[in-house]
Amino acid sequence: MGDVSRRIEGTGLGLAITQKLISLMESKIFVDSNPGVGSKFWFDLDLQVASELRDSTPVKSTDIAIGYQGQKTKILVVDDNWENRSVIINLLSPLGFELAEAADGKAGLEKAVEFQPDLILCDLVMPGMDGFGLIRQLRQLPEFQSTITIAVSASVFNADRQNCLESGYSDFLAKPIQAAELLDKIKSYLNLSWIYEQKSTGKNFTAAVPLASSPQEMAVPPREELLALYQAAKGCYIEDVELEVIRLKQLKPEYSSFAARILELSEDFECQAIVKLIERYL
């Protein structure tokens, strides 16, 4: 469709990414191609039948932490994709964590020895030394026998999660990482207490902060500050939405209730609701 003169070929990344994902699930892509007619691609997967219904209702959070109580904590993020690293770094940096990052397993191992982190978030699939190679070598070092290490992977199979635990990881996080789940694990493993901001007085406290009862009661950023958030919500790019929420909250403390409302909707993947909320102010 469209103007033929303006068409361009794809880069082929879609098929390459699909092949990578299929290979992680221990299968492969088959092809049947006829010149001048077209090509057909397919794959076979062995999937487990669910034995019982699972409650898929996400945990809602109406609070946005601005810091934590406890000793100064170091976190190392290891991932070959800089975008994945930046999402985690931008989420944790405003909370006061001391952060470091590495782009592969070898660099992650070197950085761990240098940085001595309290917790490590490590991608499993990386070129060169992958996440499994990193944890094997890490656990051989005396100072890292009990360091909290959380594997990060797009795989959702129980066997893969069990393999992570048997390899030496403390826990597992599925991609795309959800902010609430990540913060919950960090809080649990490092025995932290989050500090929240009280909108009415501007003071910090460690209890829950209720949302404003209606959008009209919230302080809302100006139109130009909402455009990036609006575009992210329209595309349902949840990670981008959460990054914008963090940015807006840092912009002015008065936007905390508005940011909390957006974060609550994003955790339920209510992209259309976010769009409609923002459109009131555009």
message = Anything in the range 77-91 that is among the hydrophobic types (A, V, I, L, M, F, W, C), in contact with a strand residue (DSSP E or B) (Cβ under 6 Å, 6 or more places away or on another chain) and in contact (Cβ under 8 Å) with a residue 24 or more places away in the chain? List them, or say none.
response = V77, V78, I88
ask   = In the list F205, F172, which residue meets the criterion of being at pLDDT below 85 and among the hydrophobic types (A, V, I, L, M, F, W, C)?
value = F205
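For (1) in the same structural domain as L91 (by TED's automatic domain parsing); (2) part of a helix (DSSP H, G or I); (3) surrounded by fewer than 15 Cβ atoms within 10 Å (Cβ to Cβ), each residue gets a yes or a no:
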{"site": "L227", "(1), (2), (3)": "no, yes, yes"}
{"site": "A232", "(1), (2), (3)": "no, yes, no"}
{"site": "C236", "(1), (2), (3)": "no, no, no"}
{"site": "E239", "(1), (2), (3)": "no, yes, no"}
{"site": "E242", "(1), (2), (3)": "no, yes, no"}
{"site": "K249", "(1), (2), (3)": "no, yes, no"}
{"site": "A259", "(1), (2), (3)": "no, yes, no"}
{"site": "E264", "(1), (2), (3)": "no, yes, no"}
{"site": "F269", "(1), (2), (3)": "no, no, yes"}
task = Taking R223 as meeting all but one of (1) closer than 30 Å to L282 by Cβ; (2) modelled with pLDDT of 85 or more; (3) buried (at least 19 other Cβ atoms within 10 Å of the Cβ), write down the number of the exception.
result = (3)
message = Considering only the range 123-141, I want to know if a residue exists there that is within 19 Å of the chain's Cα centre (by Cα) and within 23 Å of Y68 (Cβ to Cβ).
response = no
ask   = Any idea how many residues of the range 1-47 are at pLDDT 70 or above and part of a loop (DSSP other than H, G, I, E, B)?
value = 11
inquiry  = All but one of (1) at pLDDT 85 or above; (2) loosely packed, with under 14 Cβ neighbours inside 10 Å hold for E217; state the number of the condition that does not hold.
reply    = (1)
ask   = Within the range 139-180, which residues are among the aromatic types (F, W, Y) and farther than 20 Å from A112 by Cα?
value = F157
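Matching residues to (1) among the small types (G, A, S); (2) surrounded by fewer than 20 Cβ atoms within 10 Å (Cβ to Cβ):
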site	(1), (2)
V77	no, no
A100	yes, yes
K106	no, yes
C122	no, no
I135	no, no
Q140	no, yes
C164	no, no
S170	yes, yes
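The values are calculated or read from the model by the stated rules, or taken from the named source; none is laboratory data. A quick note: this is a predicted structure, and the numbers were derived from the prediction, not measured. Note that each Cβ is placed from the backbone with ideal geometry, even for glycine, and that neighbours are counted across all protein chains shown.
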